[in-house]
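Notes follow once the structure below has been shown.
The values are calculated or read from the model by the stated rules, or taken from the named source; none is laboratory data. Everything quoted here is computed from the prediction, not taken from an experiment. Every residue, glycine among them, receives a Cβ derived from its backbone with ideal geometry; neighbour counts consider all protein chains shown. These accessible areas exclude ligands, DNA and RNA; they are computed on the full protein's heavy atoms, side chains included. Shrake-Rupley method; radii C 1.70, N 1.55, O 1.52, S 1.80 Å.
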Amino acid sequence: MNNKLHHDLMVKAVKEARLTMNQNIGGPFGALIIDADGSILSVSSNSVLKDHDPTAHAEINAIRAATKKKGNHDLSGCTLYTTCYPCPMCLGAIIWSNIKKVYYGCTATDAGEIGFRDDFIYDFIEGKATNKKVLDLEGTERESCLKLFKEYTETDKELY
């Protein structure tokens with residue numbers, strides 16, 4: 001893909017982010033997904049403030065719109081453009097959706113410099129998720145849950 005096309009696609013993501021940012025819908029985050037043929041599947045922005053939903057990041061919204069349009073949870077062969085390096089939640093969603101290529105504009109450091117706090121999540125993960133001041137994770141009732149997992153595998157459900 002040529003640089004002009006990368007530029008044009010990122011401009012669309014920036015335009016969407018700027019529009020909703022100025023409407024106080026969310027932060028300066030936009031995302032766009034194209035399929036393997038280069039057709040745009042979705043253009044979305046962050047809508048955390050409007051939706052009162054901390055998961056309504058641009059990348060998540062773009063993935064939701066693209067999978068709905070495709071009628072499939074698998075975005076293999078798709079490419080995502082985003083105005084900022086994805087946060088850990090979005091990275092997980094991108095990986096789960098089978099997107100293998102992401103182009104991003106700003107860095108996580110750039111986001112941190114304007115007050116977005118992805119760094120504490122990265123630090124939590126790198127610290128083996130043991131900082132109870134960030135999140136207290138404690139296992140319980142494993143045997144009950146293992147029964148549920150066994151039922152799932154015994155019924156030959158689809159893995160995703």
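Things to note:
- Normalising the average separation of contacting C-alpha pairs (under 8 angstrom, six or more residues apart) by the number of residues puts the relative contact order of the chain at 15 percent.
- Prolate/oblate/rounded call for the stretch 69-160, Cα gyration tensor, a/c under 1.5 rounded: oblate
- Euclidean distance of C-alpha centroids, the stretch 28-59 and the stretch 77-143, integer Å: 16
- When the residues 153, 20 are ordered by accessible surface, computed with a 1.4 Å probe over the protein chains alone, the sequence from largest down reads 153, 20.
- Binning all Cα-Cα separations of the stretch 30-105 at 5 Å, short to long from zero, yields these whole-percent fractions: 3, 18, 32, 28, 13, 4, 1.
- Pairs from 100/132; 12/70; 50/133; 12/69 whose Cα-Cα separation, in the structure shown, is over 23 Å: 100/132; 50/133
- Once each of the GluC sites (Glu not before Pro) sitting in a DSSP loop with at most 12 other beta-carbon atoms within 10 Å is removed, the chain keeps 1-137 as its longest stretch.
- Amide hydrogen proximity for residue 103: with H placed 1.01 Å from N in the peptide plane, the residues at 5 or more positions away or on another chain lying under 5 Å are 80, 81, 82.
- The stretch 29-160 - share of DSSP beta bridges that are antiparallel (%, nearest 5): 65
- Over all other residues within a Cβ to Cβ distance under 15 Å of residue 8, the charged ones net out to +2, with Lys and Arg as +1 and Asp and Glu as -1.
- Magnitude of the charge dipole for the stretch 1-76, about its Cα centre and with charges confined to Cβ atoms of Lys, Arg (+1) and Asp, Glu (-1), is about 180 debye.
- Charge context of residue 30, other residues only, Cβ under 12 angstrom, K/R +1, D/E -1: +1
- Farthest toward the positive end of the dipole of the chain, out of 56, 17, 88, is the Cα of 17, where the dipole comes from beta carbon charges about the Cα centre.
- Rg(Cα)/(2.2 N^0.38 Å) for the chain, N = residue count: 1.18
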